[in-house]
Amino acid sequence: MALRIIVSYDDTDNDRDALALGRLLAFSGAELSLAYVRHAQGGALEQKEAEDLLERGAEAVGAPDMARHVIVNPGTSVGLSELAERENADVIVFGSEYRTAAGTVKPGISAHKLLLGGPAAIAVAPAGFRDQPSAGIGTIGILGEGDDAASTTADSLAAALGAGVVEFKGAPVDLLVVGSRPESPQGKVTISASSDYAVEAATYPVLVVPRGVAVRFEAEAEPPQADPSAPPVSA
């Protein structure tokens, strides 16, 4: 079964960053979908507005038939967690918090909650990532926390995209794969204080994987390279 990636999307610039990262990760052959969490039942108008914003997101990346989910839940993190479990999703992708400086990473409240017990890997895009149409993944860093799941994930993605893998020593990489802390329950994401610091110091996308559960990307016959002529993800 193909890898499943859910992008948390609300048609804001930072969630367009998330969509750009989701599209890049989906180059490995993954199934990409969009999700929007409404916080109250509302009526038909609110439902239509939610569906319309997801449709705009799908059209922005040239995939109008992409799967889309409108969820009603008082908590965004809870709604996305339940969706990920129901859909057997492997990764949930977020943009950075809306006040984040361009080129840096800062998980928002919902992403941070899922970094403390979420059921799927969590990816966070740097602010402004949507404006880098030629962005690719050439070097993947590993911050394993003593868990092979991080290195297996990095090796899998590297094989899919033709990238290299290095132990993370603080130097810039194209994507950082982070393992969950040793005491985290099997299959849950729990980030350590030191890894949290590395994430918030990042100027590149990060992917935090559940304890003991690698994210296994599937290579296409010919892994695509970054296309400098590809349009950015925009409104």
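The values are calculated or read from the model by the stated rules, or taken from the named source; none is laboratory data. In this text the structure is predicted, and so the values were computed from the model without any measurement. Quick reminder, even Gly has a Cβ in these numbers, built from the backbone with ideal geometry, and neighbours come from all protein chains shown. Just the protein is used for accessible areas: all its heavy atoms, side chains included, with ligands, DNA and RNA removed. Shrake-Rupley method; radii C 1.70, N 1.55, O 1.52, S 1.80 Å.
With a cut-off of 11 Å on the backbone N, the residues of segment 67-93 near the modelled label site 7 Å out from Ala2 along Cα-Cβ are 67. The Cβ shell under 12 Å around His112 holds other residues with a net charge of -1, Lys and Arg each +1, Asp and Glu each -1. Annotation for segment 123-219: trypsin sites (Lys or Arg not before Pro) lying in DSSP loop with at most 11 further Cβ atoms inside 10 Å of their Cβ are Lys169.
Does segment 105-168 classify as rounded, prolate or oblate by the C-alpha gyration tensor (a ≥ b ≥ c root eigenvalues; a/c under 1.5 gives rounded; else a/b over b/c gives prolate, otherwise oblate)? In terms of gyration-tensor shape, oblate. Given axes a ≥ b ≥ c from the Cα gyration tensor, I'd like to know whether segment 1-44 is rounded (a/c under 1.5), prolate (a/b larger than b/c) or oblate. Taking the square roots of the gyration eigenvalues as a ≥ b ≥ c, segment 1-44 is oblate.
Look at the Cα gyration tensor of segment 1-120: its axes a ≥ b ≥ c give a/c under 1.5, and that counts as rounded. Pairs of lysines in the chain whose Cα atoms sit within less than 26 Å of one another amount to 4, provided the residues are eight or more positions apart or on different chains. The accessible surface of segment 1-133, taken with every protein chain in place and a 1.4 Å probe, is 49 percent carbon and sulfur. With the simple spin-label model, which puts each label point 7 Å out from Cα in the Cβ direction, the Glu85 to Thr104 separation comes to 3.5 nm. Rounded to the nearest 20, the size of the Cβ-charge dipole of the chain about its Cα centre is 440 debye, with Lys and Arg at +1 and Asp and Glu at -1. Highest average first, the peptides 66-75, 148-157 ordered by how many other beta carbon atoms sit within 10 Å of their residues are 148-157, 66-75. Residues considered: Leu25, Leu45, Leu80. Largest GNM mean-square fluctuation over the chain, using C-alpha springs under 10 Å, is found at Leu45. Scaling the Cα radius of gyration of the chain by the globular reference 2.2 N^0.38 Å produces a ratio of 0.93.
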